[in-house]
Structures are given as structure tokens and as C-alpha cells.
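Asker: Quick one: the structure is below, and I'll ask about it shortly.
The values are calculated or read from the model by the stated rules, or taken from the named source; none is laboratory data. Note that the structure is predicted; figures quoted are calculated from it, not measured. Here the Cβ is made from the backbone with ideal geometry for all residues, glycine too, and neighbour counts use every protein chain on show.
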């Protein structure tokens, strides 16, 4: 596993020990960042269920202003810290090691706004997709910048819902689905509802 492009291009990253996490493949990560393109530079980027931190580190390498990582599995947290240290990344990020819920609540409480949110829970953990996407939908005014993109990596046979909405408030709506091998990326945009 390596950084694809930017300041840390071609630098190797370590994966967490054990089988509790499944790192995003280099090929899928390259596809993701080709689609995001120039939006990454200067962005505030959130990497939920971060695993090795490869996606968030790729964002830093490509010029993201700030990256929030959320991961609670101890081997994965150790891998993120090791990867950041190996690349000598000393600032421009925060790591929440108590999990996704703690990071999202903290971002709302502290009025932290992001342009790009990436989430990659275990493919079989559909409740994690629902939790994160519903939370983002409920708090989109507080958390998501205008024109923000939310991207969920998932198994191609287990996509999250196309739309996350409630009786009042905003809507997260899938506008693109990209399948690559057994993995897929769902791209969502926030839609203001009346």
C-alpha cells in the first residue's frame, strides 16, 4: 500500500495488523481521488472508519487543509499514528480514537465544517453506514459545507440506501455509483429540503 500522488507520492504505508480492517486498495483510492480532483486541495476532509489512514493521508498529500481521522480499533489506530510519523506529518490533522460517533459529535459541538467526508466501515456492517449517513444528513447544516461531497465505500452487492432523509431537514442523495471489482463507491450530495 502506498500514497498515490502529491507531496508523499510513492511512499509506503503500513496496514493494521490482523484482519479486523480491510484497507482501501491503491486502485480504488486512485479512482476516488481522480474523481474528487481539485476539490481536495485546500479542503477540510473527514476519514471515517479510517483503518490505516491511507485515504486521509492521501488527502493530506494532495493538499487538504485539514483531515479528521476516526478509528477505534487499536491496531488500526497504531497504524495511522505510525504512518503519520513515518511521513513526518506533524499537523493539519486530528485523530479520534474513540470512534466515529465521538468524532461526529465533536465536530457538531465545535462547529467544524467539512467539504469532503469519506466513510469505509466493514462492508457487512450496514448499521454503521446507516448511522454515519443519517448523522450527516441530520447535521448537514452544522457539518457540511455548501457543495460538500460524502463518499461511502462498500461492497458492490451491499450498497447503502440511495437517499437519506427525514420529515424535516435536509437530504443526502446519491448522485453517482462507481463499481470496481467487488468494491463500490457511492457519492452523495446534500440537498436542502423545505
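Asker: Checking residue 46 against (1) in a loop (DSSP other than H, G, I, E, B); (2) under 10 Å from the mean Cα position of the chain (by Cα); (3) more than 21 Å from residue 88 (Cβ to Cβ), only one condition comes out false. Which one?
Answerer: Unmet for residue 46, out of (1) in a loop (DSSP other than H, G, I, E, B); (2) under 10 Å from the mean Cα position of the chain (by Cα); (3) more than 21 Å from residue 88 (Cβ to Cβ): (1).
Asker: For segment 164-178, name all the residues that are surrounded by fewer than 13 Cβ atoms within 10 Å (Cβ to Cβ) and either touching a strand residue (DSSP E or B) at 6+ places or on another chain (Cβ under 7 Å) or closer than 22 Å to residue 51 by Cα (or both).
Answerer: Selection gives 175, 176.
Asker: Suppose we filter segment 136-148 for residues that are assigned to a strand (DSSP E or B), crowded, with 22+ Cβ neighbours inside 10 Å and either at pLDDT below 95 or in contact with a helix residue (DSSP H, G or I) (Cβ under 7 Å, 6 or more places away or on another chain) (or both); how many remain?
Answerer: 1
Asker: Give me the residue from segment 22-34 that is over 23 Å from residue 78 (Cβ atoms) and without any contact (Cβ under 8 Å) to a residue 60 or more places away in the chain and, out of that set, surrounded by the fewest Cβ atoms within 10 Å (Cβ to Cβ).
Answerer: 34
Asker: Name the residue that is nearest to the chain's Cα centre (by Cα), counting only residues in segment 80-106 that are part of a helix (DSSP H, G or I) and either modelled with pLDDT under 95 or more than 21 Å from residue 135 (Cβ to Cβ) (or both). Step through it out loud before you land on a result.
Answerer: First pass over segment 80-106, keeping only residues part of a helix (DSSP H, G or I): 80-86, 100-106.
With the extra rule that they be either modelled with pLDDT under 95 or more than 21 Å from residue 135 (Cβ to Cβ) (or both), the set shrinks to 80-86.
Values: 80: 14, 81: 17, 82: 19, 83: 17, 84: 16, 85: 20, 86: 21 Å.
Residue satisfying both the conditions and the ranking: 80.
Asker: Which numbered condition in (1) touching a helix residue (DSSP H, G or I) at 6+ places or on another chain (Cβ under 8 Å); (2) within 12 Å of residue 16 (Cα to Cα) is the only one that residue 55 fails?
Answerer: With (1) touching a helix residue (DSSP H, G or I) at 6+ places or on another chain (Cβ under 8 Å); (2) within 12 Å of residue 16 (Cα to Cα) applied to residue 55, the lone miss is (2).
Asker: Okay, next question. Scan segment 107-123 residue by residue and report those that are assigned to a loop (DSSP other than H, G, I, E, B) and in contact (Cβ under 8 Å) with a residue 60 or more places away in the chain.
Answerer: Of everything in segment 107-123, those that are assigned to a loop (DSSP other than H, G, I, E, B) and in contact (Cβ under 8 Å) with a residue 60 or more places away in the chain turn out to be 112, 113, 120, 121, 122, 123.
To keep it simple, each residue is scored yes or no on (1) modelled with pLDDT of 95 or more; (2) surrounded by 24 or more Cβ atoms within 10 Å (Cβ to Cβ); (3) over 16 Å from residue 149 (Cβ atoms).
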site: 4; (1), (2), (3): no, no, yes
site: 20; (1), (2), (3): no, no, yes
site: 36; (1), (2), (3): yes, no, no
site: 39; (1), (2), (3): yes, no, no
site: 50; (1), (2), (3): yes, yes, yes
site: 78; (1), (2), (3): yes, no, yes
